[in-house]
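The values are calculated or read from the model by the stated rules, or taken from the named source; none is laboratory data. Note that the coordinates shown come from a computational prediction; the quantities given were computed from them, not determined experimentally. When we count neighbours, we look across all protein chains shown, and the Cβ atoms used for this are built from the backbone with ideal geometry, even at glycine. The protein model used for the area step is the full one, side chains on, heavy atoms only, and it has no ligands, DNA or RNA in it. Shrake-Rupley method; radii C 1.70, N 1.55, O 1.52, S 1.80 Å.
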Amino acid sequence: MTGVLWITGVSGFTGRHLVRFLRQSGASVRIIGVDIDVSAAADLDAAHPIDLTNAEAVAELAGREPPDWVIHLAGLMPPAAESDMWRANVGGTVGLLLGLRERNRRLRMVSIGSAGEYALSASSPLTETAPCGGASVYGNTKLAQSLTCLWLGAECRVDVLIARTFNLVGPGLPPHLIAGALVHQFLAAAEEIRVGNIHTARDFIDVRDAVRAYWLLVRRGQSGGIYNVSSGIPVSVREVLDVLSRVSGRSPCIRIDPSRVRVNDPVSVYGDSTRLREATQWAPTISLEQSLRDMLAQV
């Protein structure tokens, strides 16, 4: 499988892992990195600093480096401002698709969605047909992104697939995500770990397993399909803390920080990835304990 792959948001946490996976797997692709700032990206065949809301800039690049596939990672999440999330997640997707519209042949795009697209009322395990919308501002921007991809993609002759990814973990995870925040405090050798709701359970998936799923969807997914990228295992924050204590050999005091407690936070949210597994033969291979060990080992 040879061709040109664009990775939007290539400088981010997932983008860097995706490039590393493709190089290590020996994929015969020319990797084009696209991001607002490409200075943090590495091991690319070419990198282009582009604001995806600028459809003309996207079209100009597509004329010079026409892609066969796009993995659309670019976007923002909290603590970004609401207006910025709408602009990046929806506006950037519109600009990307309009810029690719002038292509003379069809291409395939995997757009990375979020478990946050599902409604708070939806019961777990969540399948791709579960009710969506209303869970959070971020979740709504991601749902709008996914729907925009599916609708506008058809008009622009782009085969679109959606990968709804659950809670990522793995080396380099930013500290504004729950597992990243906990690891950051353990790495700082804090005597006291501040947390919010410790009994809520979430579905954690290692980023290295996730990027493998994205590439398999490029190759084997069904056009127009929505696929959960999840482990299917709910794990509470308390359990994550227990694993971190065990693998680090430390037992800090756990302090509930009222400022971190989320009101009306669902007790348990986890996904059903049967559709992804059946379409691609994908399965997660990295345990949560291994993910956390690798995160603690990061420098």
In segment 92-136, which residues are outside any helix (DSSP H, G or I) and of a type in the set (S, T, Y)?
-> S111, S114, Y118, S121, S123, S124, T127, T129, S136
Please name all residue pairs, on different chains or six or more residues apart, with Cβ atoms under 8 Å, provided the first residue is in segment 262-282 and is among the aromatic types (F, W, Y) and the second residue is outside any loop (DSSP other than H, G, I, E, B) and open to solvent by 30 Å² or more (accessible area, probe 1.4 Å).
-> Y270/R202; Y270/P234; W282/R212
Would you mind stating whether S146 is within 23 Å of H176 (Cβ to Cβ), open to solvent by less than 20 Å² (accessible area, probe 1.4 Å) and not in a helix (DSSP H, G or I)?
-> no
Considering (1) open to solvent by 50 Å² or more (accessible area, probe 1.4 Å); (2) in contact with a helix residue (DSSP H, G or I) (Cβ under 6 Å, 6 or more places away or on another chain), say which one S121 fails and leave the rest.
-> (2)
Filter the helices (runs of 4 or more DSSP H) completely within segment 237-299 down to those with at least 1 residues that are more than 25 Å from the chain's Cα centre (by Cα).
-> 237-248
R255 being touching a Lys or Arg at 6+ places or on another chain (Cβ under 9 Å), open to solvent by 10 Å² or more (accessible area, probe 1.4 Å) and modelled with pLDDT under 95 = yes
Tell me, yes or no, whether segment 188-210 has at least one residue that is free of Cβ contacts under 8 Å to residues at least 12 places away in the same chain and of a type in the set (F, W, Y).
-> no
Does I233 satisfy being out of contact with any His (no Cβ under 7 Å at 6 or more places or on another chain), farther than 23 Å from S146 by Cβ and surrounded by 19 or more Cβ atoms within 10 Å (Cβ to Cβ)?
-> no
Taking segment 211-236, which residues are outside any strand (DSSP E or B) and closer than 24 Å to N197 by Cβ?
-> S230, S231, G232, I233
Residues that are open to solvent by 20 Å² or more (accessible area, probe 1.4 Å) and without any contact (Cβ under 8 Å) to a residue 40 or more places away in the chain: find the strands (runs of 3 or more DSSP E) completely inside segment 1-87 holding 3 or more of those.
-> 46-49
